[in-house]
Amino acid sequence: MNELVRHPTGLVGSVLLSLVAIAVILGPFLAPFDPQAFHPAVRLAGPSGTHWLGTDQFGRDILSRLLTGAGPTVLFGVGATALGVLAGSIIGVTAAVAGGWVDSVIMRTLDGLLAVPDLLFTLLIVTILGGGIGEAMLAVAVAFTPGMARIARSSVLSIRTREYVLAAIARDESRAYIIVQEVIPNAIGPIVVEATIRVSFAIMIGATLGFLGLGAQPPSTEWGLMVAEARQYMYRSPWVVAVPGLAIAVAALGFNLFGDALRDAFDPRRRR
């Protein structure tokens, strides 16, 4: 951890992630107003001492909506990435351990899926499943699975010939023991790094789906949905779009920078 915060990228990423974490955990308690309360008399009011970030088209306090929307937005990205990492890791480890025709069939299938961009693949899946936050999360997880499977497979293949694995084989340990005790603990580093970076993409894809009406639905305070609801007022009151848009950028940047620093920490050659 000390190595991460000494790295400028890791320090900035850690600071941004700390701010995001505070908003996620304490946001509903820190919100100065009810995020769903309408105040027509102050609709589209600019930033002031009462409403620090202004109000939206219904007079709702943007700061309150931003704080309460941090949870749905960030947890969507974390949840979708976790599901994709779990599924991809199981598939990738299975392919690497099985080898032979099983590995070939799995990887050729994943190669075909990887040819489709993540956002397009997600839109296709969520269109089939229907709009909603749960369906959108599942769609992002499915779209992330092929890439994570390939990374997990590569990590396992690079470890299979290491001395400690060969020693376990020489001791006549069971395959299950070798996988659980020797392979997976040493292969998990690259998977964690990639998962951290992919959270940023999941947040942006989730916001995009919310903007398109395929993710979070009203009256959710999810940041992408906030942008969608206020986009027609952006020329008159730019803060109604700029504030949630900037929040999405900060959250995504925090995970991305932290993931880059984590990658450098795991790979001494990159750090040098």
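Return one whole number: the accessible area per residue of the chain in Å², for a 1.4 Å probe.
Per-residue value: 50 Å².
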Exercise. What per residue convex hull volume, in Å³, do the alpha-carbon atoms of the stretch 139-209 yield?
Worked result: 76 Å³
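If packing is taken as the average number of other Cβ atoms within 10 Å across a peptide's residues, how do 66-78, 225-237, 86-98 rank, most packed first? Please report the intermediate quantities before stating the final value.
Numbers: 66-78: 23.0, 225-237: 17.9, 86-98: 20.0.
Taking the mean over residues of other Cβ atoms within 10 Å, the ranking is 66-78, 86-98, 225-237.
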For this session: Extending each Cα 7 Å along its Cβ direction at Leu86 and Val15, get the distance between those two points in nm, one decimal.
Result: 3.5 nm
Problem set entry | Cα-based Kirkwood hydrodynamic radius, the chain, one decimal, Å | 20.4 Å
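Report the extension gain between Leu246 and Gln232 in nm, rounded to one decimal, defined as 0.36 nm multiplied by the number of residues separating them, less their alpha carbon distance.
3.3 nm
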For this session: Report Rg (one decimal) and Dmax (nearest whole number) for the stretch 52-181, counting Cα atoms only, units Å.
Result: 20.7, 71
For this session: Name the residue farthest towards the positive end of the dipole of the chain from the options Leu262, Ala87, Ser104, assuming +1 on Cβ of Lys and Arg, -1 on Cβ of Asp and Glu, about the Cα centre.
Result: Leu262
Seminar exercise, completed: For the stretch 94-103, Karplus-derived ³J(HN,Hα) couplings (6.51, -1.76, 1.60; θ = phi - 60°; whole Hz; x for glycine and proline) come out as 4, 4, 5, 6, 5, x, x, 5, 5, 4
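The values are calculated or read from the model by the stated rules, or taken from the named source; none is laboratory data. Keep in mind the model is a prediction, meaning the values are calculated, not measured. For neighbour counting, all protein chains shown are included, and Cβ atoms are generated from backbone atoms with ideal geometry for every residue, glycine included. Side chains are part of the model used for accessible areas, which takes the heavy atoms of the whole protein and leaves out ligands, DNA and RNA. Shrake-Rupley method; radii C 1.70, N 1.55, O 1.52, S 1.80 Å.
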